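Since every read-out is calculated from the coordinates, none of them should be taken as a lab result. Quick caveat: nothing in here was measured; it's all calculated off a predicted structure. No Cβ is skipped: glycine too gets one built from the backbone with ideal geometry, and neighbour counts run over all protein chains shown.
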Number of protein chains: 2
Amino acid sequence: MRAIRNLTTGFLFFCTAIAVLAQDPLPSWNDGAAKKAIVDFVKTTTTRGSPQFVPPEERVATFDQDGTLWVEHPAYTQLLYCLDRVPVVVKARPELANVEPFKTVMSGNREAIAHLSEEDLIKIAMTTLTGMPVDDFRAEVKKWIASARNERWKRPYTDLTYLPMQEVLKYLRANGYKTYIVTGGGQDFVRAYAEATYGIPPEQVIGTAIGTKYGYDKDGKPFLTKEPKLILDNNNAGKAEGIYLEIGRRPYAAFGNSTGDQQMLEYTKGGSGARLAMIVLHDDAKREYAYGPATGLPDTRVGTFTQALYDEARKNWVVISMKNDWKKIFAFD
Amino acid sequence: MRAIRNLTTGFLFFCTAIAVLAQDPLPSWNDGAAKKAIVDFVKTTTTRGSPQFVPPEERVATFDQDGTLWVEHPAYTQLLYCLDRVPVVVKARPELANVEPFKTVMSGNREAIAHLSEEDLIKIAMTTLTGMPVDDFRAEVKKWIASARNERWKRPYTDLTYLPMQEVLKYLRANGYKTYIVTGGGQDFVRAYAEATYGIPPEQVIGTAIGTKYGYDKDGKPFLTKEPKLILDNNNAGKAEGIYLEIGRRPYAAFGNSTGDQQMLEYTKGGSGARLAMIVLHDDAKREYAYGPATGLPDTRVGTFTQALYDEARKNWVVISMKNDWKKIFAFD
């Protein structure tokens, strides 16, 4: 009886497999060079007998997060988190209320906050992101990410992921690729929501990382505390170095959207065989934003997409135009 | 026709599954508290409905390497590699021939080599393990590991893995656990052979890590060079910190054999639910070695297993006696 049920399950599985094969894996993409590059890459690297076949264990694909997987305007989400945390920190340490840059943040003066220096922002990050047990930090981020809302769309930040990129993540995984986030943002911050948001587990999130300190609580149980000590600056060349440190393999596919991703894309493309390097161009002022070489919006706080990078991209990589290549941008559209 | 073949495959799979269930997953283990602890842990954490059930994505098990997965006497394998590399480095940089500690190594005086200081060994490690492209390093280690032989057994080091531990790795993986090596040894060194030797891919090897430097070759292709800059000292508390950095989850099971593993075992055991912490006691002078609290052989170059650690282990963890718990030690026995 059980054997018969098993046989039936096998047959149903077979039918489902056929149905899946017939579906377009990237329905939110318009037909064009970008979509074709992805489909061709997957076919050539996963078809047995293909001269560019890649063994399953070597299938690694890396994705920048801010501006590549979700909206990075008006500022990196992590920065908004840090600013939101300042009142909590000041409540616990009242002496900070009269010290800059905390005084400016507490004033609520948006104009002044927008003009804080890089150094001020690092001070705010170190104060709001370190000094607590790692489990407390993760719980706080989870709570914040569930309640915070983006100003323009009045939705949780996790709703603002790009549907076409979510499809790429799923399509690659369905073809045996391990998908990684490789972000200039904080590794711990992104790990707190990446599994629920992208189906990417913590061990597949590589980001800017700070150290931890081992200690014991009052019951003698060990725990780790976040320390203000930089271990990995996961930007620019740091992305290639971070990939080597935490994966130890050169990716076969990489996706980015700014100069911070340049070396990751070059490093990926520099490997032998079929390699895919793609860069998202924000050229859709209506449905999202237009900035960088596309036009308009000046790049200040967000990763820059310079003309030089655009030239390199058009020569060596594949450019994704949000305006032309994406049928839909968000799942809620 | 294809559907029928699929149904047959399904049925065969079913039969195989039944056969596997009936087999002892740990045939090289004698019945006893250690074997029972492993089997009970797997059952309680992977049986749906069990109050201590662990979701598949959280199933992480970490293993020290030297002395836990393979023989660590007469010295860590990586040290032997470094000593073997000295003549190659001296050939490329002849000025080192008259500089200590390279002069002593080149003399071949085994007594003098055995008495090199910690500082000398670090100097040798930094000189032989850095300064080359990461791909060259990996290729060199693979070549060496294929040809080098252990003195006592006259076999490749990769033959000297403990069969009972190989069974534990496979048993845990068959039950949805991701198995990691967490070694005080060099991350890059162990990654070069871990996949072939233990079925553990590079991204699941965490070890003492140095930095890399991004650059371009004469054709403009990017590559990484190993730099003499310590990023992660993966020993003692560093093991818990390394696990947090590269996995971001607390393990459910951990295996070690020395004070360098103490914090990893404590950190694992400190989590909620069913957690397994096991420590290998080298008490088999005949089939392998006896050292640490077991008796005899003094611990100098190899990780120490102190009496204090033994007391902590007997109280909180499970001790594996090589002599009593292991029916066979090596696959070639």
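Details
- Between residue B:100 and residue B:152, the simple label model (points 7 Å from Cα in the Cβ direction) yields a spacing of 3.1 nm.
- Mean separation of Cα contacts under 8 Å (6+ apart) over length of the range A:49-122, as relative contact order %: 16
- Karplus-derived HN-Hα couplings along the range A:42-55 (A = 6.51, B = -1.76, C = 1.60, θ = phi - 60°), whole Hz, x at Gly and Pro: 5, 4, 5, 8, 10, 8, 4, x, 5, x, 10, 4, 10, x
- Once divided by 2.2 N^0.38 Å, the Cα radius of gyration of the range B:136-289 becomes 1.16.
- Dipole magnitude for the protein assembly as shown: about 1940 debye, using +1 per Lys or Arg Cβ and -1 per Asp or Glu Cβ, origin at the Cα centre.
- Here the sum of -39500 (n - 2.57) over DSSP H runs of 4 or more residues, divided by the residues of chain B, equals -13000 deg cm²/dmol at 222 nm, to the nearest 500.
- Reported to the nearest whole Å, the Cα centre-to-centre distance from the range B:28-105 to the range A:51-116 is 38.
- In range of the label at residue B:227: residues from the range A:257-297 whose backbone nitrogen is under 16 Å from the point 7 Å along Cα→Cβ: A:263-264
- Against the main long axis of the alpha-carbon atoms of chain A, helix A:237-246 sits at an angle near 70°.
- Potential lengthening between residue B:44 and residue B:170 on full extension [0.36 nm per residue; Cα-Cα distance subtracted]: 43.6 nm
- For the range A:180-185, Karplus couplings with θ = phi - 60° (6.51, -1.76, 1.60), whole Hz, Gly/Pro x: 10, 8, 10, 10, x, x
- Counting only DSSP beta bridges with both residues in chain A, the antiparallel share comes to about 35 percent.
- Each residue of the range A:271-277 is assigned a 3J(HN,Hα), and the resulting list reads x, 7, x, 6, 10, 10, 10 Hz, derived from the Karplus form 6.51 cos²θ - 1.76 cosθ + 1.60 (θ = phi - 60°), x at Gly and Pro.
- Computed over the range A:117-202, Kirkwood Rh from alpha-carbon pairs, angstrom: 14.7
- Using C-alpha pairs under 8 Å with a sequence gap of at least 6, the mean separation divided by the residue count of chain A gives a relative contact order of 21 percent.
- Rounded if a/c under 1.5, otherwise prolate or oblate - the range A:59-158, Cα gyration tensor axes: prolate
- Debye-sum result for the range B:35-107 in log10 I(q)/I(0), which assumes one identical scatterer on each alpha carbon, at q = 0.28 Å⁻¹: -1.16
- Counting only alpha carbon atoms, the long axis of helix B:187-198 and the longest principal axis of chain B meet at about 40°.
- Taking the charge dipole of chain B about its Cα centre, with +1 at Lys and Arg Cβ atoms and -1 at Asp and Glu Cβ atoms, the residue from B:105, B:82, B:174 reaching farthest to the positive side is B:174.
- Comparing A:132, B:274, B:244 along the charge dipole axis of the protein assembly as shown, the residue lying farthest to the positive side is B:274, per the Cβ-charge model.
- Distance in nm between pseudo-label sites at residue A:213 and residue A:142 (7 Å out along the Cβ direction from Cα): 2.6
- Database remark: amide H of residue B:231 closer than 5 angstrom to the amide H of B:209, B:210, B:211 (H placed geometrically; neighbours at sequence offset of 5 or more, or on other chains; Pro and chain starts carry no H).
- Under the shape rule built on the C-alpha gyration tensor, where the axes satisfy a ≥ b ≥ c, chain B is prolate, since a/c reaches at least 1.5 and a/b is greater than b/c.
- Angle in degrees between helix A:77-92 and the longest Cα principal axis of chain A, rounded to the nearest 10: 30
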